[in-house]
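Enquirer: What follows is a single structure, and I will ask about it in a moment.
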Amino acid sequence: MRRSERKRERPDLGILSSRTLFGLQRELFARLSEQGHPRVRPRHGAVLAYLDEEGSRATDLAAQSGQHKQVIGTLVDELVELGYVERRPDPADRRAKLIVPTEKGRDHMARSDAVLAEMEAEHARAVGEQAYAEFKRVFTLVADRQAG
């Protein structure tokens, strides 16, 4: 059996994870585009998925998303240009800046949370509530273990 055939028939964790992530992103961003956010891309999730409504430091976003600080800086620049976030002085440290969502950014974050909740509910209905809950429990354990 060829490797590609084996991977299709018995995909490993990496393949399953990437298929899940890319499929989820395609659907999520298509739905968000229909709801008024057509210019946000999956790469922006490294900021928007981890951003606190009261603001977050770029170093914290980098640590949470697993991206380099320079990548986060580029993404923040793009999101500032698109009107989703702004940089403000951090009241706790005058040398630091906070990345703070704008009204447009908060709308995107709320819609994203709602769409993801809908998608999870759809998966739960498709495979069964109990099976989906067990899948999430085990997947969380695996993800936490992999993260170290």
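Enquirer: Please report, in debye to the nearest 20, how large the charge dipole of the chain is about its Cα centre when each Lys and Arg carries +1 at its beta carbon and each Asp and Glu carries -1 there.
Expert: I would put it at about 760 debye.
Enquirer: Report the longest stretch of the chain that contains none of the GluC sites (Glu not before Pro) sitting in a DSSP loop with at most 12 other Cβ atoms within 10 Å.
Expert: Details: sites that count: GLU53, GLU54.
Here the longest segment lacking exposed loop sites spans 55-148.
Enquirer: Give me the distance between the Cα centres of region 70-148 and region 1-65, rounded to whole Å.
Expert: What the calculation gives is 10 Å, centre to centre.
Enquirer: How long is the chain along each principal axis, judged by its Cα atoms, biggest number first, in Å?
Expert: Extents along the principal axes, in whole Å: 58, 33, 29.
Enquirer: Counting only residues 5 or more places away or on other chains, whose amide H sits under 5 Å from the amide H of ASP90 once H atoms are built in the peptide plane?
Expert: Result for ASP90 returns ALA96, LYS97, LEU98.
Enquirer: So for region 1-97, taking the charge dipole from beta-carbon charges (+1 Lys/Arg, -1 Asp/Glu), which of ALA30, THR59, GLY83 sits furthest toward the positive end?
Expert: ALA30
Enquirer: Relative contact order for the chain: what is it in percent, counting Cα pairs under 8 Å that are at least 6 residues apart?
Expert: Values: 114 pairs, mean separation 26.9, N = 148.
Dividing the mean separation by the residue count of the chain yields 18 percent.
Enquirer: Lysine pairs in the chain 8 or more apart or on different chains: how many have alpha carbons under 30 angstrom apart? Walk me through the numbers on the way to the answer.
Expert: Values: LYS7/LYS136; LYS69/LYS97; LYS69/LYS104; LYS69/LYS136.
Within the chain, the lysine pair count is 4.
Laboratory data are not the source of any read-out in this text; all were calculated from the coordinates shown. On a predicted model such as this, the values are computed, not experimentally measured, just so you know. Because the Cβ atoms are built from the backbone with ideal geometry, glycine has one as well, and the counts that use them run over all protein chains shown.
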